[in-house]
1. Rank these by accessible area, largest first, 1.4 Å probe: SER146, SER190.
2. Calculate one ³J(HN,Hα) per residue across the range 412-423 by plugging θ = phi - 60° into the Karplus curve 6.51 cos²θ - 1.76 cosθ + 1.60, and present them in order as whole Hz with x for glycine and proline.
3. What list of ³J(HN,Hα) values in whole Hz, one per residue of the range 240-253 in order, does the Karplus curve 6.51 cos²θ - 1.76 cosθ + 1.60 (θ = phi - 60°) give from phi, with Gly and Pro shown as x?
4. Can you check what the Kirkwood hydrodynamic radius comes to for the chain, Cα pairs only, in Å to one decimal?
5. With an 8 Å cut-off on Cα pairs and a minimum separation of 6 or more residues, tell me the relative contact order of the chain in percent.
6. Quick one: compute the contact order of the range 135-289, relative version, from alpha carbon pairs under 8 angstrom and 6+ residues apart, as a percent.
7. Mind giving me the nanometre distance, one decimal, between the label points for VAL415 and VAL99, set 7 Å out from Cα along Cα→Cβ?
8. Apply 1/(1 + (r/R0)^6) to the Cβ-Cβ distance of ALA15 and ARG166, taking R0 = 51 Å, and write down the FRET efficiency to the nearest 0.05.
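The values are calculated or read from the model by the stated rules, or taken from the named source; none is laboratory data. These numbers were taken from a predicted model, which means no experiment stands behind them. Note that each Cβ is placed from the backbone with ideal geometry, even for glycine, and that neighbours are counted across all protein chains shown. Ligands, DNA and RNA are excluded from the accessible area calculation, which covers all protein heavy atoms including side chains. Shrake-Rupley method; radii C 1.70, N 1.55, O 1.52, S 1.80 Å.
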Amino acid sequence: MHTGDLPLDEFERHASRLAAWIRSTLEHPERVSVLSRAKPGDIRALLPARAPQQGESMDAILADLDRVVMPGVTHWNHPGFLAYFANTASVPGILGELVTAALNQVGILWRTGPAAAEIEQVACDWLRDALGFPAGWFGMITDTASISTMYALAAARERDPALAIRQRGMAGRSDLPRLRVYCSEHAHSSVDKACIALGLGLENVIRVATDESYRLRPEMLARVIAADRSQGFRPLAVVATAGTTSTTSVDPIAAIAQLCARESLWLHVDAAYGGAMGLLPEARELFAGIEQADSVVVNAHKWLFTPMDCSVLWTKHPRVFRRTFALTPSYLETTDGEQALNFSDYGVQLGRRFRALKLWFVMRAFGVEGMAARVREHVRLAQVVAGWVTATPEWELCAPTPMSVVCFRHMPPGVTDESELEAHNALILEKVNASGEVFLSHTKLGQRYVLRIAIGNLRTEERHLARAWELLGEAAG
Ligand code: PLP
């Protein structure tokens, strides 16, 4: 019986076996279906109901990777993964995760992980500069954009000390007007979730109409803010999106920022996916005005080749974040001094993972120019796919393609009814995904049901897209 950890010889033996196994999964993606073929309950059915009473060998455990785990894996690393926002566990990212687990830093305070705290600062600064964001913005890493946006809105609420919400809460206060948060009708649902979690309430998330390119209309925003003020609401923050989930449209940040400045509203920019485009100097015009934002989130775990999870949140108001979240019980007091940054003062989590390591590995291994070249290639590939769509009769390009996502649908001659078109395209999607070679997703643009090809995986090449296009043609009949 083991009384302690496994012997380190075993660690080394299994780690090298696992490295070979990982290599094989990355090298031969065609052997597996990109979308798992598991049905709900299939994987559980392969597992005993109770944990083993006696320890099992690592050989037995690792054998179950192929038997139990792999049938239930949807392969986000597969070059045919073209759904949602594709991402990549790159080699430096995977190695970073391994070291993060091994070093097991629990960043509750600077002194419990000085390297984690300082590499996080450096990685956030490097990425900020690489994306062309203003020098001086303070960066921190969270798990997801959903949490980053929630933190940003929590800080927005705390900026005005007169609201005193940190201390007094929101419930039962006749002195507190209802606070409003604005975003476009195409903003991600994480804005709503943040408002649920913060007690702002879904009714107070106001979704503003977009233009024909799915960008928030600033004049409509001005109108709803004015209407809210006249009815006694207190406008709090605007979330602009730079790269919406459906089409990667970018809200007109400069105009929104101007309005926010005039109305004293916090401007948070959700660039969870699109922020990566900042690597391309030629594309930065898309984000004009972003320097005026109060906070911005970009997910390294989306288009920046870093494995799940790693979301970077920058703000020009770190002191407001501290005011929102810092709380130091006596057992966490230290004499480490001003320079010792405790990231736990800037968010909810006390113990924090060493997420920065994998981002730092990725940035060093690829270099800023290397990362930019990879993103640029995806943008080029998206233009190639958009070209195929527009050049082929019966296919319709359904939105502009400013980044690496193409929205399109099949229009059989004579069919104009939206629900018929939806059923037809949903069937195409089902057939294509059943191939196991590629995995696409869909969205709704108004009444239109459209298919999406999202190119963001490092391993996706033009030939994979050509195959996806061929499968789509076959499925459309
Ligand atoms: N914001 C946008 C624009 C997104 O597309 C997504 C997810 O796809 C999110 C936020 C949420 O990201 P996360 O899964 O990191 O919370």
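1. On the way: SER146 50, SER190 5 Å².
Ranked from most to least accessible, the order is SER146, SER190.
2. Working through the residues one at a time gives x, x, x, 9, 10, 5, 4, 6, 5, 5, 5, 4 Hz.
3. 8, 10, 10, x, 5, 5, 6, 10, 6, 5, 10, 5, x, 5
4. Values: mean 1/r = 0.0412 Å⁻¹.
Computed over the chain, the radius equals 24.3 Å.
5. Computed over the chain, the figure is 22 percent.
6. Once divided by the residue count of the range 135-289, the mean separation gives 22 percent.
7. Calculated label separation equals 5.2 nm.
8. With a Förster radius of 51 Å, E is 0.65.
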